[in-house]
1. So which of R85, R89, R57, R79 is basic (K, R), modelled with pLDDT of 95 or more and under 12 Å from the mean Cα position of the chain (by Cα)?
2. Can you run down the residue pairs with Cβ atoms below 7 Å, 6 or more apart or on separate chains, where the first is in region 26-46 and touching a residue at least 40 places away in the same chain (Cβ under 8 Å) and the partner is loosely packed, with under 13 Cβ neighbours inside 10 Å and part of a helix (DSSP H, G or I)?
3. Looking at region 32-53, is at least one residue out of contact with any helix residue (DSSP H, G or I) (no Cβ under 9 Å at 6 or more places or on another chain) and among the hydroxyl-bearing types (S, T, Y)?
4. Evaluate region 108-124: report whether one residue or more is outside any helix (DSSP H, G or I), buried (at least 18 other Cβ atoms within 10 Å of the Cβ), modelled with pLDDT under 95 and touching a Pro at 6+ places or on another chain (Cβ under 9 Å).
5. Looking at M65, is it in contact with a strand residue (DSSP E or B) (Cβ under 7 Å, 6 or more places away or on another chain) and either buried (at least 19 other Cβ atoms within 10 Å of the Cβ) or assigned to a strand (DSSP E or B) (or both)?
6. Among the residues of region 48-67, which ones are of a type in the set (A, V, I, L, M) and closer than 15 Å to G108 by Cα?
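The values are calculated or read from the model by the stated rules, or taken from the named source; none is laboratory data. For clarity, every value in this text was computed on a predicted model and none was experimentally measured. For neighbour counting, all protein chains shown are included, and Cβ atoms are generated from backbone atoms with ideal geometry for every residue, glycine included.
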Amino acid sequence: MNGKSCACDTSADVRVLLVDDHPLARRTLTDVLSEEDGLTVVGECEDGSQVVEAAARLRPDVVFMDLSMPVMDGLAATRALRAARPETRVIVLTAEGGEARAEAVVAGAHALVPKGTRLGPLLRCLRTVAEGGSDCPYCL
């Protein structure tokens, strides 16, 4: 032991919850994230209306939230989640470009990432957000 306190024990595995109405999108993200050291996908939701209950049960550190979903969209779900579990960090995924940036900030999201972002930048954003940082190009 070198005498330094290490946050490694608490942050060794970043717990991730995926929220997207498209099963293929969820499966793809699950497969990609599961291959990464230090990341664990703890669950999936097919709609924003499921996220508050799932987050209470699964206790994710970071939620990947699709912006456009039926029943409850990603912004409404982000607001509800942040009200219920303010410590949970949210990365909103969008196919709609940066138009939702201001709304994502107001909803309490920590990052807005375009769908189709390459794996490297996506993982950097995830790790930055999980660590409480805000210095990635997608961070809000």
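1. Values: R85 fails: under 12 Å from the mean Cα position of the chain (by Cα); R57 fails: under 12 Å from the mean Cα position of the chain (by Cα); R79 fails: under 12 Å from the mean Cα position of the chain (by Cα).
Residue meeting the stated conditions: R89.
2. Final answer for the pair search is V32/L119.
3. yes
4. Residues of region 108-124 that are outside any helix (DSSP H, G or I), as a first pass: 108-118.
So of that shortlist, the ones also buried (at least 18 other Cβ atoms within 10 Å of the Cβ) come out as 108-113.
With modelled with pLDDT under 95 added as a condition, the list becomes none.
The answer is no, given that none of the residues of region 108-124 is outside any helix (DSSP H, G or I), buried (at least 18 other Cβ atoms within 10 Å of the Cβ), modelled with pLDDT under 95 and touching a Pro at 6+ places or on another chain (Cβ under 9 Å).
5. Working: in contact with a strand residue (DSSP E or B) (Cβ under 7 Å, 6 or more places away or on another chain): yes; either buried (at least 19 other Cβ atoms within 10 Å of the Cβ) or assigned to a strand (DSSP E or B) (or both): yes.
It is true that M65 is in contact with a strand residue (DSSP E or B) (Cβ under 7 Å, 6 or more places away or on another chain) and either buried (at least 19 other Cβ atoms within 10 Å of the Cβ) or assigned to a strand (DSSP E or B) (or both).
6. Going residue by residue through region 48-67, those that are of a type in the set (A, V, I, L, M) are 51-52, 54-56, 58, 62-63, 65, 67.
Across region 48-67, the qualifying residues are V51, V52, V62, V63, M65, L67.
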